[in-house]
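The values are calculated or read from the model by the stated rules, or taken from the named source; none is laboratory data. All values reported here derive from a predicted model rather than from experimental measurement. Ideal geometry is used to build each Cβ from the backbone, glycine not excepted, and the neighbour counts take in all protein chains shown.
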Amino acid sequence: MTGTRQSFTLDDIIERYKQFDLDDTRINFAICLLDSQEMIGDLSILDIDVSNKKAGFRIALHSKNYTGKGYGTEATKLAQKVSFEELKLNRLELEVFSHNIRGIKAYEKAGFRIEGVLRQSLYMNNTYSDEILMGMLQEEYYK
């Protein structure tokens, strides 16, 4: 869904998480089931720009078994709470590809609005997808 073409080894993933941990413009969260503490996904508030009071957002559930059950929605709402109430940001933004219909609907349900489209921005599996830019403002969060 993200357009990633690269495969990662476990060592690659561990090294990347170490780098993320040192990045003070990023906050990373694990999405875990409450009863078993099993990690089912992750999300990040990234590219935090304190001067302009904005940041990016990304989320991933690691298996289709966990989609459609509200886990992504709950995690997104918690990320919005951190972004707007704790970090006092004015804007949270994301990019999503047009083939990710479920993601687009979930972001709209969480209050994000489509702000622009980069037409045919991704070519994968012999198909073009648009890159959809979405955002949410602090005032919209508090409504």
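Assess whether Gly41 counts as being modelled with pLDDT under 95, surrounded by 14 or more Cβ atoms within 10 Å (Cβ to Cβ) and not in a helix (DSSP H, G or I). If you could, list the steps in order and put the result at the bottom.
Values: modelled with pLDDT under 95: yes; surrounded by 14 or more Cβ atoms within 10 Å (Cβ to Cβ): yes; not in a helix (DSSP H, G or I): yes.
Yes.
Give the residue, chosen from Tyr71, Tyr141, Tyr128, that is touching a helix residue (DSSP H, G or I) at 6+ places or on another chain (Cβ under 9 Å) and of a type in the set (Phe, Trp, Tyr).
Working: Tyr71 fails: touching a helix residue (DSSP H, G or I) at 6+ places or on another chain (Cβ under 9 Å); Tyr128 fails: touching a helix residue (DSSP H, G or I) at 6+ places or on another chain (Cβ under 9 Å).
Going through Tyr71, Tyr141, Tyr128 in turn, just one is touching a helix residue (DSSP H, G or I) at 6+ places or on another chain (Cβ under 9 Å) and of a type in the set (Phe, Trp, Tyr): Tyr141.
With respect to the conditions (1) closer than 19 Å to Ile27 by Cα; (2) loosely packed, with under 15 Cβ neighbours inside 10 Å; (3) touching a strand residue (DSSP E or B) at 6+ places or on another chain (Cβ under 7 Å), Gly56 falls short on a single one, namely (2).
Would you mind listing the helices (runs of 4 or more DSSP H) fully within region 53-143 where at least 3 residues are under 21 Å from Asp42 (Cα atoms) and basic (Lys, Arg)? Before the answer, list the steps.
On the way: elements: 71-81, 101-109, 138-142.
The helices (runs of 4 or more DSSP H) meeting that bar are 101-109.
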